[in-house]
1. Taking the Cα centre of each part, how many Å lie between region 337-388 and region 179-224?
2. Would you check region 337-445 for Lys pairs whose C-alpha atoms are within less than 25 Å, ignoring same-chain pairs closer than 8 in sequence, and give me the count?
3. Looking at the chain, send over the antiparallel percent of its DSSP beta bridges, to the nearest 5.
4. Sequence gap at least 6, Cα distance under 8 Å: using those rules, report the relative contact order of region 453-528 to the nearest whole percent.
5. Between D403 and T471, with labels modelled 7 Å along Cα→Cβ, what's the label distance in nm to one decimal, could you check?
6. Helix 47-63: angle to the longest alpha-carbon principal axis of the chain, degrees 0 to 90, nearest 10?
7. Only helical DSSP H runs with n ≥ 4 go in: add -39500 (n - 2.57) per run for the chain, normalise by residue count and round the 222 nm mean residue ellipticity to 500 deg cm²/dmol.
8. For the pair I627/E425, report the inter-label distance in nm, with labels modelled 7 Å from Cα in the Cβ direction.
Amino acid sequence: MNIKNYKGLMASLVGVSLFGADLTSHASGDAVAVFDIDARNVKGLSARQLGNFTNLLDGVVAASGYQTVPRSTLKQQLVEQQSESYKDCYDESCQIELGKAVAAQKAFSSTWANLGGSCVLTVRLFDLRKEVTEFSTQAEAACTQAGLRDAIKNVGLALKARGQSVGTFSLDLKAGSDIKNTPTDETGYLKVNVHPKGRLDEKVEIYINGRLAGTTNRGFFTKELPLGRYVVVMRTAGGLFKHQRSDIQMTAKGVRIPKAGKIELQPMFGYLVVEGAPSDATVVINGEPKPTSGRLRVEKRIGEYSVVVEAAGYLPSKAQKVTVPPGEEARVTYNLIRNAGGLAVTGAPTGAQVKIDGVVAGSLPLNKPELDIGDHIVEVTQTGFHPVKKVISVKRGSTAALDIKLTEKLARLKVESVVNFANEENLIEADIYLDGVKVGATPWKAKVRAEVPHEIVLGLGKARTPATSVTLPEGTERKERIVVPSSWGGAVSNIKFDLVDGPWEIRSGPAVFKTDAPNPVRPGEVPLDFFLSGQKVGTAKVMVSPDETKNIVITRRPRTEAELASQARSQTLRRWLSLGATGLAAGVGGVFMSSAYSAASTRDEAYSALMAGASSADYNGLRQQVIDEQDSAASAQTLGVSALVGAGLFAVWTAIEWMSGPPEVGEIMGEGVTPVAAEAAP
């Protein structure tokens, strides 16, 4: 193709209707000359491979909305200018002259250079008329063929975004306002079917010869117009979609735009999607902060954006450059690094309050897995203890450990119990309970924690005094004299016993209690030891109140050694008696069964003689003998069977006796009584 023909082709392309291919997305439909990629310090790419990648780049530039000069035209012109020797035209002056020679308005040059281990594709768009760089961008990738292919793809996205975000918003809504149509009564109908792509409910404005003729949000617009020439412009009110223009000649038959199908206004926006962790973060898009809950999807005009994600307690992400394509999503993912460390506070007492930088954080032991890095003031306090305050440094990614043991504040407390007799106070002994725990008997003296209230209760048996509350300052000593009821001073109580029969002996220390009468005791806790025939079998601790008679009931007791020996002798005697009875009954049964057999034999012999034809004189005698022997056999058999049955029963008794174990010892049972292994009395 020669230069003259190419100029004609350009002229024809400029005049193509906007309802065909969109070749006018850039101002005035400028033709672009795409030159060979200049590879610098990149190994592994042959001249043929570079040519293939240049063809790919040419296609990407064309797909972004530019009109490109055919590659064959460029090479032919280069040969004509350098007929003697062919060389690549990489320098700027050569490319400008060559671009002008092929009637291009713009020149597109590119460099693929190795820069420190990775490669960068740098592209520049020259305005040949002004001889200035109109646009430039870069794409970094691996120094491989796949890397170069990805870089060319990214350059294409940048070119497409640039073309759609610049040229489409310079729409002249007054286009056609200077058209003067000849007045006529003849009219035709203009029918427009137009929709914004993906948003059928978006309102579309229809301008005719520079004036707003109406709107539609259903896609169909109809208007009657006089015959003549008109410029029809379709656009959305918000400018979110690419406009369309059509120059028409209205006839009586009318005009339909488009002739078939519908016009889809292409989006001039896309979606920026940002997602990651933590969910509670702020996404800063070109300096504009937007909160997110883990995923943010915002509508953005096509173009390049800088995205930074921030969150409290985390390191901000690095700025990410992202190009939003028309009608599609551009995604940015993030995973922020926690700008924090951990803090573990251990020590004593458990439950002490822990403050971090003056704010209550919990109680001992405390584990804070996430805390801002830097120095923090840790204070541990508890009533009755000296507070401790320390400074700890928390580093990112590690847990700082702190062990704090508070020191008690102490005071001295002395407690006496007194009873009034004849207007005089007399000391008596009573059990003392401090904060619900028995600690001894009065008079009592010990160190206690200072600055906290303590509750003192005195007891005697089950009787208790009202609680007395005391709080002591640190380092002081205080004596509490608590008056108990006068009955405590001369109180006498009793213990009596309800025992099963047996050789009992009951002691409390060295004292031996009566088992058949009440035993006087001092109120309070009385220890008891239970003996049988000198062997200790149980113990108990009985609380007895003043003037109370306590009844101890024993419902079961163990056997004594003598009782066990007697039962063992009885068991042995029963075993041999059952065995002898079994043998005797079996012997008697055998004798009777033998007699029955003998009588049956005699009966059979007499019966045989009778049946053999005995004489008249012997007949009656044999007959009577058969009868008598039959009776004797039956009687003997009955007695024999009875004796054998008895032998079987005696055998069962024998088995039970011989299989049974020795007599059980048993144990003492009674309310509050604890059994013990038998031991000799002191």
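Each value in this text was obtained by applying a stated rule to the coordinates, not by laboratory testing. What you are looking at is a predicted structure, and each value in this text was computed from that prediction instead of being measured. All Cβ positions, even for glycine, are placed from backbone atoms using ideal geometry, and neighbour counts span all protein chains on display.
1. Comparing the Cα centres of region 337-388 and region 179-224, I get a distance of 73 Å.
2. 19
3. Values: 139 of 180 bridges.
That works out to approximately 75 percent antiparallel.
4. On the way: 82 pairs, mean separation 21.5, N = 76.
Relative contact order comes out at 28 percent.
5. Going from the D403 label point to the T471 one covers 3.4 nm.
6. Tilt relative to the chain: about 90 degrees.
7. On the way: 7 runs with 167 residues, N = 682.
That calculation yields -8500 deg cm²/dmol at 222 nm.
8. Here the modelled spin labels are 11.8 nm apart.
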